[in-house]
Amino acid sequence: MDFLKKFTNKITVPEATVQLKLSTYSVSLGENLQGTLSVASREDFDTTEVRCEIVCTEQAKVLKNVYDSALKTSIPKMIDETAILFNIKPLLSGPTHFANGENRDFPININIPVGSTPTSQNIDRRVTWTMKGVLAVDGRPDRTSQTSEIQVIAPTMQPTIQREVIRTVVMIPCKYCQGLMDQTLTVCPNCGAKRTI
């Protein structure tokens, strides 16, 4: 019977509910994603780690030459290509034991680098960000949360506020030429005479 349980454990995920709860599903580049990963266990099991997985994927239509066996030549054809632009697996906890009936929350505070590509969608290109929580288990399939799509936006530029400094200049008459000059000057700019007062 013990052999059957070991065999069953190799093909079944642990009995647990994993929920990703973010404070917001929209974040600017350079900011932190915050929230919790909630785990509700319905059996005793051990994990090697509790982590999140964040992936930024780009899907684009590109024109490529494809060999056509009927024509025996290459012809240009639009093909969908997918590339992973960003992929991290931040650790929330190391090896952990979960008991049957236990509920536990793991805090999430992950920075989205400012140099990454924001979410976008147009006719021939789409950039998406997804995130999920993972309970990694040795010898068994991992238990994961539902994959959530997050919106990553470019930071908004704050308008630069320029202050205009208004200065009052007091003008006084020159004793010799009667031309007006700034009171901070020691020599008259009109006649070159030295200021007496």
Considering each residue of the stretch 136-170, count those that are without any contact (Cβ under 8 Å) to a residue 60 or more places away in the chain and surrounded by 10 or more Cβ atoms within 10 Å (Cβ to Cβ), and give that number.
1
Residue under question is Gly35, and the condition is that it be part of a loop (DSSP other than H, G, I, E, B) and either touching a strand residue (DSSP E or B) at 6+ places or on another chain (Cβ under 7 Å) or surrounded by fewer than 15 Cβ atoms within 10 Å (Cβ to Cβ) (or both); does it hold?
no
Selection status of Thr186, within 30 Å of Cys56 (Cβ to Cβ), of a type outside the set (Asp, Glu) and loosely packed, with under 11 Cβ neighbours inside 10 Å:
no
Could you list, in sequence order, the residues of the stretch 103-158 that are among the charged types (D, E, K, R) and not in a strand (DSSP E or B)?
Asp124, Asp138, Arg140, Asp142
So which of Ile123, Ile79 is farther than 24 Å from Pro14 by Cα, surrounded by fewer than 14 Cβ atoms within 10 Å (Cβ to Cβ), modelled with pLDDT under 90 and over 27 Å from the mean Cα position of the chain (by Cα)?
Ile79
Test Glu53 against the stated conditions and say whether it is surrounded by 14 or more Cβ atoms within 10 Å (Cβ to Cβ) and among the acidic types (Asp, Glu).
yes
Residue check, Gly115 against (1) out of contact with any strand residue (DSSP E or B) (no Cβ under 9 Å at 6 or more places or on another chain); (2) under 16 Å from Pro14 (Cβ atoms), all met but one. Which one?
(2)
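The values are calculated or read from the model by the stated rules, or taken from the named source; none is laboratory data. Everything numeric in this text was worked out from a predicted model, so none of it was measured. FYI the Cβ positions are ideal-geometry reconstructions off the backbone, even for glycines, and counts take in every protein chain you see.
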